[in-house]
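J.: Take this structure, written in structure tokens, and hold onto it; I'll ask about it next.
The values are calculated or read from the model by the stated rules, or taken from the named source; none is laboratory data. Values in this document were obtained by computation on a predicted structure and should not be read as measured data. With ideal geometry, Cβ positions are generated from the backbone for all residues, glycine too; neighbour counts draw on all protein chains shown.
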Amino acid sequence: MLELKNISFRVEDADIRKDILQHIDLTIEERFVAITGPNGGGKSTLAKVIAGIIKPSEGRILLDGEDITDLSITERAHRGISFAFQQPVRFKGITVHDLLSLAGGKNMSVSEACAYLSEVGLCAKDYINREVNASLSGGELKRIEIATVMVRGTRLSVFDEPEAGIDLWSFNNLIQVFENMHKKEGGSILIISHQERILNIADKIVVVAGGRITDVGTPDTILPTLLNASGTCSALTDKLAGGAVK
Amino acid sequence: MNSIEQKLLAEIADLHEVPEGAYNIRQNGEAAGRRSTANIEIIPKTDKPGIDIRIKPNTRNESVHIPVVLSETGLTDLVYNDFFIGENCDVTIVAGCGIHNCGDQRSEHSGIHAFYVGKNARVRYVEKHYAEGDGNGERVMNPTTVVELEEGASMELETTQIKGVDSTKRVTRATVAAGASLVIREKLMTHGNQFAETDFTVDLNGEDSSANVISRAVAKGNSKQDFLSRVNGNNRCAGHTECDAIIMDNACVRAIPEITANHLDASLIHEAAIGKIAGEQLIKLMTLGLTEQEAEEQIVNGFLK
């Protein structure tokens, strides 16, 4: 169980102070929690605070009762937090196989790597020896990024907008990956998403806007309010009103 | 050969025993073992130190190993090795130099290698430089490589210096005839107060000749690197030169890619990038459970792999 207690994050530059997150209280104990809300609302910052990439200005973070607020990224990874970047990082010279092995903490066999890659819709023999560099497309990098998190199989996996930057056709296939992850027993998944199909399979939806949590509930209660909301989340409203990707 | 020399041999040429095929092992300035084969003849020079390696035309899938080890302090070793590779050959040549210097005097090896590659021959040349030893004596290597590719020939030159060499000047001069191609891959890592200078010149003289010069370098500590790569397009040809370097600590890297088109149909590209390890690369590996230092090692190892 992950608990965020009164988390705030602000940046100060000269005389300008900007509150990115304000007094966030959130408990994640469900298997699949989705965070949604308008762009610039603080969702990605919140995910980075959980992974330890950003240190909050105030508040505490507890993982299964242990205060992890002051732990580093590495220590949190060891405690069981994984993080999939919105924009996956590229590495010259590090192959897909290397990266999966680093994620698994051991030299992974080709057949093991194959199992994970096929879960995210990639054929191992085409990818295993490829470098994780600019020669891979955005969609391919995204899948590999998701695979590195799956390999770790930790108690909390955080995905920051897995749909961002990939084409609709690719995302349609990617949704199945999350549906499968949801079906399997394992740790909790925290996913930042604007996609109705992702929000639909969540056990809980958290709406973040203007650095605050504006709503929390099940898809049945939250989705209609998102569709009908005015002002708070126009981008999402338009997207959902225009019909989800089928 | 003692255990230190055996270790050097394993490090530079991956040799744990006497290699298959032709070989010449040079130890502290003298020949320590030599074998010619039916197709590959190794002949000591009479006018200066070094050997001639003559490979008969049409020799295929054979290899030559010519490693050099220096374990005595204060030794200056200069050697000339000339390779005459016949037409239509397909061979692998493994060279390399390992220095172990425990003393306070400078140990130096200068290997001057010339490759005369016949028509339509293919050569893969692998060269590794490595030095060790806890003495104060400098460990210096100055390799010079001369390549002449005849029509339709191709050569892949992999040159690696990963550790321990205090000072190096690496000079390569190549001429490429019609339809011939040259690929140079350099991997370089410097640390401490080391200095490394790379100086490549490739003349693309023949029609449809090509060259691809790729250098990946990591400079740590207070080390300094100078990289100069010149590709001259003197005919209808394709040339590409690329230097990619990571700097760490207080290191300094200077990269000067130079391309000259002396012909209207010469197509030449140069790329050079120098920078520190991207913070997001470190963060990604840390989210996988690596410490910052482990992440840095993985990034550097991958980059130089």
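J.: Looking at segment B:69-108 only, could you name the residues that are among the aliphatic types (A, V, I, L, M) and surrounded by fewer than 24 Cβ atoms within 10 Å (Cβ to Cβ)?
T.: Result: B:LEU75, B:LEU78, B:VAL79, B:VAL94.
J.: Going by the structure shown, is B:GLU72 in contact (Cβ under 8 Å) with a residue 40 or more places away in the chain and of a type in the set (Asp, Glu)?
T.: Answer is yes for this residue.
J.: Give the residues of segment B:274-284 that are among the hydrophobic types (A, V, I, L, M, F, W, C), within 8 Å of another protein chain (Cβ to nearest Cβ) and within 26 Å of B:ALA255 (Cβ to Cβ), sorted by residue number.
T.: B:ALA278
J.: Are any residues in segment A:1-32 modelled with pLDDT of 90 or more and of a type in the set (Asp, Glu), and if so, which ones?
T.: Passing the criteria: A:GLU3, A:ASP19, A:ASP25, A:GLU29, A:GLU30.
J.: Of all residues in segment B:122-134, count the ones that are modelled with pLDDT of 85 or more and more than 15 Å from B:VAL64 (Cα to Cα).
T.: 1
J.: Quick check on segment A:149-170: of everything there that is under 16 Å from A:GLU119 (Cβ atoms) and assigned to a helix (DSSP H, G or I), which residue is farthest from the other protein chains (Cβ to nearest Cβ)?
T.: Here the answer is A:SER170.
J.: Going by the conditions given, is B:VAL68 touching a Cys at 6+ places or on another chain (Cβ under 8 Å) and among the aliphatic types (A, V, I, L, M)?
T.: yes
J.: Please identify the pairs in which a residue from segment A:77-96 that is at the interface with chain B (Cβ under 8 Å from one of its Cβ atoms) and crowded, with 18+ Cβ neighbours inside 10 Å has its Cβ atom under 6 Å from the Cβ atom of a residue that is among the β-branched types (Val, Ile, Thr) and assigned to a loop (DSSP other than H, G, I, E, B), counting only partners at least 6 apart or on another chain.
T.: Pairs found: A:SER82/A:THR154; A:PHE91/A:VAL132; A:ILE94/A:VAL132.
J.: Would you mind listing the strands (runs of 3 or more DSSP E) fully within segment B:128-173 where at least 1 residues are β-branched (Val, Ile, Thr) and under 16 Å from B:VAL94 (Cα atoms)?
T.: In segment B:128-173, B:144-149, B:154-163 are the strands (runs of 3 or more DSSP E) which contain 1 or more residues that are β-branched (Val, Ile, Thr) and under 16 Å from B:VAL94 (Cα atoms).
J.: For residues in segment A:104-122 being within 12 Å of another protein chain (Cβ to nearest Cβ) and not in a helix (DSSP H, G or I), which is nearest to B:GLY289 (Cα to Cα)?
T.: A:GLY105
A quick yes/no check of all residues on (1) assigned to a helix (DSSP H, G or I); (2) surrounded by fewer than 18 Cβ atoms within 10 Å (Cβ to Cβ); (3) within 13 Å of chain B (Cβ to nearest Cβ):
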residue	(1), (2), (3)
A:THR45	yes, no, no
A:ILE50	yes, no, yes
A:ASP70	no, yes, no
A:LEU99	yes, no, yes
A:LEU102	yes, no, yes
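J.: Which condition number in (1) more than 10 Å from every other protein chain (Cβ to nearest Cβ); (2) in contact (Cβ under 8 Å) with a residue 12 or more places away in the chain is the one that B:GLU297 fails?
T.: So the condition that B:GLU297 fails would be (2).
J.: Turning to a different aspect of this structure: Taking the stated definitions as given, is B:GLU271 of a type outside the set (Gly, Ala, Ser), away from chain A (no Cβ under 14 Å), surrounded by fewer than 20 Cβ atoms within 10 Å (Cβ to Cβ) and not in a helix (DSSP H, G or I)?
T.: In short, no.
J.: Quick check on segment B:109-121. Is at least one of its residues in contact with a His (Cβ under 8 Å, 6 or more places away or on another chain), without any contact (Cβ under 8 Å) to a residue 40 or more places away in the chain and buried (at least 19 other Cβ atoms within 10 Å of the Cβ)?
T.: The answer is no, given that none of the residues of segment B:109-121 is in contact with a His (Cβ under 8 Å, 6 or more places away or on another chain), without any contact (Cβ under 8 Å) to a residue 40 or more places away in the chain and buried (at least 19 other Cβ atoms within 10 Å of the Cβ).
J.: Next question. Going residue by residue through segment B:253-265, is there one that turns out to be outside any helix (DSSP H, G or I), within 12 Å of chain A (Cβ to nearest Cβ) and of a type in the set (S, T, N, Q)?
T.: no
J.: Name the residue, out of B:ASN212, B:ASN235, B:ASN250, that is touching a residue at least 24 places away in the same chain (Cβ under 8 Å), closer than 30 Å to B:GLU296 by Cβ and outside any strand (DSSP E or B).
T.: When all the criteria are applied, what remains is B:ASN250.
J.: Sort out which residues of segment B:19-33 are touching a residue at least 12 places away in the same chain (Cβ under 8 Å) and either under 21 Å from B:ARG124 (Cβ atoms) or not in a loop (DSSP other than H, G, I, E, B) (or both), and write them in order of number.
T.: B:PRO19, B:GLU20, B:GLY21, B:ALA22, B:TYR23, B:ASN24, B:ILE25, B:ARG26, B:GLN27, B:ALA31, B:ALA32, B:GLY33
J.: In addition: Suppose we keep only residues that are surrounded by 21 or more Cβ atoms within 10 Å (Cβ to Cβ) and of a type in the set (Ser, Thr, Tyr) within segment B:133-162. Which one would you say is farthest from the chain's Cα centre (by Cα)?
T.: B:THR145
J.: Counting only residues that are within 15 Å of B:THR168 (Cα to Cα) and hydrophobic (A, V, I, L, M, F, W, C), which one in segment B:86-121 is modelled with the highest pLDDT?
T.: Here the residue is B:ILE112.
J.: Follow-up. Could you run through segment A:123-148 and say how many residues are among the charged types (D, E, K, R), in a helix (DSSP H, G or I) and crowded, with 18+ Cβ neighbours inside 10 Å?
T.: Total meeting the criteria: 4.
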